[in-house]
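**Q** Before we start, here is the structure in question, set down as structure tokens.
The values are calculated or read from the model by the stated rules, or taken from the named source; none is laboratory data. For clarity, every value in this text was computed on a predicted model and none was experimentally measured. Backbone-built Cβ (ideal geometry, glycine too); neighbour counts: all protein chains shown. Ligands, DNA and RNA are stripped out before the accessible areas are found, and what is left, the full protein with its side chains, is counted by its heavy atoms. Shrake-Rupley method; radii C 1.70, N 1.55, O 1.52, S 1.80 Å.
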Amino acid sequence: MLESIKKLRELTGAGMMDVKKALADAGNDEEKAVALLRERGIVKAAKKADREAKEGLVRFVVDGNKAAIVEVNSETDFVARNSDFQALVAELAQAALSAGTNDVEEFRSFTLPSGETVATTVAAAAGKIGENLVLNRVAFVEGSTVAGYVHNNGKIGVLVDIEGGTEAQAKDVALHVAAERPQFLSRDEVNSSDIEKEREILTNKALNEGKPQQIVEKIVEGQIGKFYSEKVLPEQNFVKDNSVTVGKYLGGATIKRFVRFEIGA
């Protein structure tokens, strides 16, 4: 059995689990196993695996207080608009909700209702469609009030969980995250050494520009504050009303988590 697996892996370029399953399904008949791998598109997909996949789609599914989001990459935008590819991404988003994982490698081994793993299903779709397809990221969110948003024809997708707020507020925050690209949920998430380095650079810059020593600190702290207001979600100006921050828009509600996937980012 081990010799057959090794032989077929070298012959087809397929993964060990795919070869092992094909052999089992073929009753250990190597010729039939190769035929099965070809039928499933795995041989064809393996030959494409070294080609870059920089296009694709992001899709999410929300079910009550749970949600999942996936990013699947393709080589071309033409394939990203293909109905078969879109159906695949939708299927994987639904599966991610059942899998409940944030680990893409764990999700690749998840078994779909068809009986095939996610990895095998993606490989077979690659063979059928004719491009390298890559399951790039997956995320699962469970919380109080969960909402999602997709933008730019599925190139950007967001999930948000807020506590103490409404579904409408959660959707608004998801839209904001898609548009404004926050990097942090709070100031505590920002690496303190990065802030100190930024403060040192800004201080030297102000001094080199001839600013008086006594006002340099105020200038630098103002610029550090601007950094936070550009990167930290609750401190950003709300995209639908720039007169308030996201935090003020939410009132007493709290953002517990956000996930943002963007193709190519």
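**Q** Please give, to one decimal in nm, the separation of the simple spin-label points placed at N153 and K128, each 7 Å out from Cα toward the Cβ.
**A** Result for the modelled spin labels: 2.3 nm.
**Q** Order I215, I5, most accessible first, counting only protein heavy atoms with a 1.4 angstrom probe.
**A** The ordering from most to least exposed comes out as I215, I5.
**Q** What is the stretch 152-234's relative contact order, in percent, from Cα pairs under 8 angstrom and six or more apart in sequence?
**A** 35 percent.
**Q** Under a 5 Å amide H to amide H cut-off, with H placed in plane at 1.01 Å, what residues pair with T101 once short-range neighbours are removed?
**A** Residues meeting the criterion, in which the H sits 1.01 Å from N, do not exist here.
**Q** State, to one decimal in nm, how far the label point of N102 lies from the label point of A24, with both points 7 Å from Cα in the Cβ direction.
**A** The answer from the label model is 3.1 nm.
**Q** Taking the 0 to 90 degree range and rounding to the nearest ten, how far is the long axis of helix 83-99 tilted relative to the main principal axis of the chain, both from C-alpha atoms?
**A** Taking the Cα atoms of the chain, the angle to 83-99 is about 70 degrees.
**Q** Also: If you place +1 on the Cβ of every Lys and Arg and -1 on the Cβ of every Asp and Glu, how big does the dipole about the Cα centre of the stretch 180-254 come out, in debye to the nearest 20?
**A** Dipole magnitude for the stretch 180-254 comes out near 200 debye.
**Q** Enter the Cα centre distance for the pair the stretch 187-215 and the stretch 72-105, rounded to the nearest angstrom.
**A** When both Cα centres are located, 43 Å separates them.
**Q** Based solely on its DSSP helices, what 222 nm [θ] is calculated for the chain when runs of n ≥ 4 H residues each add -39,500 (n - 2.57) and the sum is averaged over all residues, nearest 500 deg cm²/dmol?
**A** Helix contribution divided over all residues of the chain: -15000 deg cm²/dmol.
**Q** I need the calculated FRET efficiency for the pair I219 and K256, taking r as the beta carbon distance and R₀ as 30 Å, to the nearest 0.05.
**A** 0.30
**Q** Any chance you could give the angle, 0 to 90 degrees and rounded to 10, that helix 167-180 forms with the longest Cα principal axis of the chain?
**A** Once rounded, one gets 90 degrees.
**Q** I've got another one for you. For helix 213-231, what angle does its Cα long axis make with the longest principal axis of the chain, in degrees from 0 to 90 and rounded to 10?
**A** Result, in degrees: 30.
**Q** Right, something else. To the nearest 10 square angstrom, what accessible area does S229 show with a 1.4 Å probe?
**A** 40 Å²
**Q** If you take the beta carbon distance between E196 and E167 as r and set R0 to 35 Å, what does 1/(1 + (r/R0)^6) give as a FRET efficiency, to the nearest 0.05?
**A** The value I calculate is 0.30.
**Q** How big is the charge dipole of the chain about its Cα centre, in debye rounded to the nearest 20, if each Lys and Arg gets +1 on its Cβ and each Asp and Glu gets -1 on its Cβ?
**A** 320 debye
**Q** Near H176, within a Cβ-to-Cβ distance under 11 Å, what is the net charge of the other residues, with Lys and Arg +1 and Asp and Glu -1?
**A** Net of charged neighbours comes to +1.
**Q** Further, regarding this structure: If you keep only loop residues by DSSP, which GluC sites (Glu not before Pro) in the stretch 202-265 have at most 15 other Cβ atoms within 10 Å of their Cβ?
**A** E209
**Q** Expected output is a single nm value to one decimal: the length gained when fully extending between E230 and N208, i.e. 0.36 nm times separation in residues minus the C-alpha distance. What is it?
**A** Going from the current span to full extension adds 5.4 nm.
**Q** Antiparallel versus total DSSP beta bridges in the chain: what percent is that, nearest 5?
**A** Bridges in the chain that DSSP calls antiparallel: roughly 95 percent.
**Q** While we're on this one: Measuring from label point to label point, each 7 Å out along Cα→Cβ, what is the R81 to E189 span in nm?
**A** 3.4 nm
**Q** Note down the magnitude of the dipole of the stretch 134-239 about its Cα centre, charges +1 on Lys and Arg C-beta and -1 on Asp and Glu C-beta and zero elsewhere, to the nearest 20 debye.
**A** 400 debye
**Q** Let me ask another. Ranked from the most accessible area to the least, with a 1.4 Å probe and all protein chains present, what is the order of E180, E31?
**A** E31, E180
**Q** Now a separate question. What order do Y249, Y228 take when sorted by accessible area (1.4 Å probe), most exposed first?
**A** I get Y249, Y228, largest accessible area first.
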